[in-house]
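This report concerns only the one structure given below.
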6 protein chains.
Amino acid sequence: MPIIEMHLMQGRSVEQKRAVAEAVAEAVTRTLGVGPEQVRLLITEHSSEEFSVGGVTAGRKQELAAMQAATSAKKS
Amino acid sequence: MPIIEMHLMQGRSVEQKRAVAEAVAEAVTRTLGVGPEQVRLLITEHSSEEFSVGGVTAGRKQELAAMQAATSAKKS
Amino acid sequence: MPIIEMHLMQGRSVEQKRAVAEAVAEAVTRTLGVGPEQVRLLITEHSSEEFSVGGVTAGRKQELAAMQAATSAKKS
Amino acid sequence: MPIIEMHLMQGRSVEQKRAVAEAVAEAVTRTLGVGPEQVRLLITEHSSEEFSVGGVTAGRKQELAAMQAATSAKKS
Amino acid sequence: MPIIEMHLMQGRSVEQKRAVAEAVAEAVTRTLGVGPEQVRLLITEHSSEEFSVGGVTAGRKQELAAMQAATSAKKS
Amino acid sequence: MPIIEMHLMQGRSVEQKRAVAEAVAEAVTRTLGVGPEQVRLLITEHSSEEFSVGGVTAGRKQELAAMQAATSAKKS
C-alpha cells in the first residue's frame, strides 16, 4: 500500500498516463513517507456513455450542448 | 458523493446506459436527499470470461448449457 | 451482475440505507431488464477526512467554512 | 458475498481466466465456509500503460529494460 | 498484479482472514503463473445494512426471517 | 473525473490525509490538465489483517518478524 485506482475518461495519451503515474507516486511517497515501490496505481478508462453526473452521461451532455449550439446559431 | 461504480456484462446499448444512469441518479437523490450534481456514476463492462459465479465464468456456463441442450436433442 | 459499489459519507441511518438499496435495485431492474436477485449492492462509508474534492477534504472544507463564518460575524 | 474484483494485466487466455475463477472460488468457499453460488468474481484487465509501480508504468519499464539491454549489447 | 479486492460481511476472525489470504494467493499463483510477491489482496468488510441483494439489505432480510419465524410459531 | 480510490493501512493522521489529498489533486490537475473541482479522491483504510502480500497478511508478517527477533535474541 498505498494501492490507488484512478478512473479516467478514454483518450489519454501514453505520455499523459506516464506523467500522471509519476506525479501521483511522487505526491504519495512525499506526503505519506512510504517507499516508491509500495505505490501501485491502476488506471481504468471509461467511455463517454460510462460516466455520468446527475444522471446525464458525458456523451448525452455533449449531444445536448451540440443541439443547444445549433439552436442558438439558427436564432441568430 | 455518492460515487457509484456499476459493473455490467458487455453489450448494453447507449440507450440502456443512459436510462440506467438517469434512473439510478433519481433513486439516489430521492432517497438520500442529495443534489443531482453530487451523484457520479461509473460503469465498467466485463466480458463473459471476466465474470464468474461459484468459479464458473459466464462464458463457460453458456458453453455447458449449449452442450447440455445438444445432448438432450440427440437423446430425444 | 449488475454489481454496484456505492461510496457514501458516514452517518446515513439504517432507514436511508434500506431505502437507497431498494430504490437503486428497482431503478436497475426496470432499465436493464434483469431479475432483482441479480442486483447486488455494496455500500462503503467514508469519514469526512477520507473524501476530498480538488484536494480539500470534506472535514477541512467544514473547518474553513466555520472559520469564515466566525470572521464574518466579528466584522459585522 | 464474498464479491471479488481482480485486476490483471491484459493478455490472459480464456483458459487462464476460467482456471483462476475456479481456483479462487474453491479457495474462498473452503476457507470461509460459504456456498459456491455466493462467490462472485469480476476481472478487470489493464494495459501496460495503465499499471504502474513507484510511478513507472509497466510499459515504460519494458522500454527501459530494452534500452538497457541494447546498451549492454553494444558495450560487449 | 494481480491486485485483488475482496468484499466480505463483517465478523470474520483473524484466522479466517489469514486462511483466505493464503488460499487465494496460492490459487492465483498456481493458475496464472505469477510470483507470490505479486499478489496483493485487500479485504473490505461491510455491515449487514451495507450489503443488499435485489434491494433488500442483509439486515432487513434477517428481520423479515425472524418475523416470519415468529408468525409461524404462533400459528402452530 | 478523474475519480480516485486510495487504499491505505489504518492509522494515518488527519494531517497526512489532508496532505496526500492536496498533493494528489495537484499532481493530477497538473499532468492531465483538468480543473481541481473535477478531482475526487476516496480513501479506504484497511486493518493489518485486511491487507496481504503473497498470502501473508500485514498482521501475520509483523508476528513472524517479532518471533524471529525473539529467537535471534535468545541465540545471541
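The values are calculated or read from the model by the stated rules, or taken from the named source; none is laboratory data. None of these values were measured; they are calculated from a predicted model. Cβ placement follows ideal geometry from the backbone for every residue including glycine, while neighbour counts extend to all protein chains displayed. Note: areas computed on protein heavy atoms with side chains; ligands, DNA, RNA excluded. Shrake-Rupley method; radii C 1.70, N 1.55, O 1.52, S 1.80 Å.
Brief remarks follow.
Each row is one residue, and each column tells you yes or no for (1) of a type outside the set (D, E, K, R); (2) out of contact with any His (no Cβ under 9 Å at 6 or more places or on another chain); (3) closer than 27 Å to E:Val39 by Cβ.
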site: F:Pro2; (1), (2), (3): yes, no, yes
site: F:Gln10; (1), (2), (3): yes, no, yes
site: F:Glu37; (1), (2), (3): no, yes, no
site: F:Leu41; (1), (2), (3): yes, yes, yes
site: F:Ser52; (1), (2), (3): yes, yes, yes
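- Every listed requirement among (1) open to solvent by 20 Å² or more (accessible area, probe 1.4 Å); (2) within 14 Å of A:Ser47 (Cβ to Cβ); (3) out of contact with any His (no Cβ under 9 Å at 6 or more places or on another chain) is met by B:Arg30 save one, (2).
- Residue that is most open to solvent (accessible area, probe 1.4 Å) [pool: residues in the range E:33-61 that are polar (S, T, N, Q) and touching a residue at least 12 places away in the same chain (Cβ under 8 Å)]: E:Gln38
- E:Val14 vs. criteria modelled with pLDDT of 95 or more and open to solvent by 50 Å² or more (accessible area, probe 1.4 Å): yes
- Within the range C:34-62, tally of residues that are more than 19 Å from A:Thr31 (Cβ to Cβ) and under 21 Å from the mean Cα position of the chain (by Cα): 8
- E:Gly35 meets each of the listed conditions (1) small (Gly, Ala, Ser); (2) within 19 Å of F:His46 (Cα to Cα); (3) within 14 Å of chain F (Cβ to nearest Cβ) apart from (2).
- Of the criteria (1) loosely packed, with under 12 Cβ neighbours inside 10 Å; (2) touching a Pro at 6+ places or on another chain (Cβ under 7 Å), which one F:Leu64 fails: (2)
- Sole residue being within 11 Å of chain E (Cβ to nearest Cβ), of a type in the set (Lys, Arg) and more than 30 Å from B:Glu15 (Cα to Cα), chosen from C:Arg40, C:Arg18, C:Arg12: C:Arg12
- Unmet requirement for B:Val24, which otherwise passes all of (1) more than 30 Å from E:Ile4 (Cβ to Cβ); (2) touching a strand residue (DSSP E or B) at 6+ places or on another chain (Cβ under 8 Å): (1)
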